[in-house]
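K.L.:
The structure that follows is given in the form of structure tokens.
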Amino acid sequence: LQKNAADKLYANYLQLLQQQRILISPETTIRFFSNILVLSLEQCLPQNDQVGAEHKNVGAEINYRSIDALAKLIVFLVKFLDPTQNSVNVPNVPKNQNNLISSKIRLLNLFLKVLTWTILTNYQRFNGKFNQRPYLRLFINILNDLNTPDPSLDSNNMEVLLVFTRSFALLRPRRIPAFAFAWLQLISHRTFMPKMLISKKQNLAHGFHLLLLHMLEFLQGPLRQIDLPESIKQLYKGTLRTLLVLLHDFPEFLCEY
């Protein structure tokens, strides 16, 4: 589909959600997000009749079309859903822009909570055969789509960055070792790390500091061993590269912390 045609489809779907009041409460919104996330994961797996098929073969090819579409839908909902249409609409009353932004943040937060819970659940369910790739793709697509400057909401918004920070903290490597490579890629991503530090806001810098500590805490045990597994060697190299980027672009951050 061309962009205009695709946007029209998303707009029609958004209108349908509002007419049916699907997102009228946190409970119905969480149920909706959980269902579409499960459906998207099923569609991207090699065997659609098994939610865990991809997890059983972590090297298998993945069809990301459903994941990409879900990311676009979530960003579309967050940016363009009018919360006032999900409740009683009072005519001739101007919308409070701050309240509108807060509602959008809450919607994004609800989806990230569902996504985080799904990752934690599937990690426990599939144990050593957990596959991180679909979730990494979903997070990155959402970050990329929110990175487009937009007066309604984008990733320059401090609350948006804090919502992602909280999700990443819950998915820290010591809690989900099988998500460690994806996790490091996410916290060092160009649409996240620079925005956390370039704003000069203390709570954002402190939030990133805690994320970096989570990675160092995860590595300290394995790095005490004489013979390192190849996976730890690669994760260690990735962490060093992240520190080098910080040293080059944000040396004051390293000095302060």
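Matching residues to (1) buried (at least 19 other Cβ atoms within 10 Å of the Cβ); (2) at pLDDT below 90; (3) closer than 17 Å to TRP183 by Cα:
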residue: SER102; (1), (2), (3): no, yes, no
residue: PHE111; (1), (2), (3): yes, no, no
residue: PRO134; (1), (2), (3): yes, no, yes
residue: LEU138; (1), (2), (3): yes, no, yes
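K.L.:
Just the residues that are open to solvent by less than 40 Å² (accessible area, probe 1.4 Å) and touching a residue at least 40 places away in the same chain (Cβ under 8 Å), please, taken from region 221-239.
P.N.:
LEU235, GLY238, THR239
K.L.:
Within region 6-51, track down each residue that is part of a helix (DSSP H, G or I), farther than 16 Å from ASP68 by Cβ and either modelled with pLDDT under 75 or among the acidic types (Asp, Glu) (or both).
P.N.:
Hit for region 6-51 is GLU27, nothing else.
K.L.:
Now for a separate question. Which condition number does TRP183 fail, the rest of (1) farther than 30 Å from ASN156 by Cβ; (2) surrounded by 15 or more Cβ atoms within 10 Å (Cβ to Cβ) being met?
P.N.:
Among (1) farther than 30 Å from ASN156 by Cβ; (2) surrounded by 15 or more Cβ atoms within 10 Å (Cβ to Cβ), TRP183 violates only (1).
K.L.:
Turning to a different aspect of this structure: Return the residue satisfying two criteria in turn: it lies in region 52-84 and is among the acidic types (Asp, Glu) and part of a loop (DSSP other than H, G, I, E, B), and of such residues it is modelled with the highest pLDDT.
P.N.:
The residue in question is GLU61.
K.L.:
Can you list residue pairs whose Cβ atoms sit under 7 Å apart, with the first residue in region 24-39 being within 12 Å of LEU112 (Cα to Cα) and open to solvent by 70 Å² or more (accessible area, probe 1.4 Å) and the second being among the hydroxyl-bearing types (Ser, Thr, Tyr) and part of a helix (DSSP H, G or I)? Count only pairs 6 or more apart in sequence or on different chains.
P.N.:
none
K.L.:
Filter region 113-132 for residues that are at pLDDT below 85 and surrounded by 11 or more Cβ atoms within 10 Å (Cβ to Cβ) and give the result.
P.N.:
Selection gives PHE126, LYS129.
K.L.:
Please go through region 198-257 and pick out each residue that is over 22 Å from the mean Cα position of the chain (by Cα) and outside any helix (DSSP H, G or I).
P.N.:
Across region 198-257, the qualifying residues are LYS200, GLY221, GLN225, ILE226, ASP227, LEU228, PRO229, PHE250, TYR257.
K.L.:
Still on this structure, please answer the following. For region 178-229, give me the residue count where each residue is of a type outside the set (A, V, I, L, M, F, W, C) and either closer than 25 Å to ASN144 by Cα or in contact with a strand residue (DSSP E or B) (Cβ under 9 Å, 6 or more places away or on another chain) (or both).
P.N.:
Within region 178-229, residues that are of a type outside the set (A, V, I, L, M, F, W, C) and either closer than 25 Å to ASN144 by Cα or in contact with a strand residue (DSSP E or B) (Cβ under 9 Å, 6 or more places away or on another chain) (or both) number 16.
The values are calculated or read from the model by the stated rules, or taken from the named source; none is laboratory data. This is a predicted model, so every value here is computed, not measured. Using ideal geometry, Cβ is built from the backbone for each residue, glycine included, and neighbour counts are taken over all protein chains shown. We work out accessible area using only protein heavy atoms, side chains counted, and drop any ligands, DNA or RNA first. Shrake-Rupley method; radii C 1.70, N 1.55, O 1.52, S 1.80 Å.
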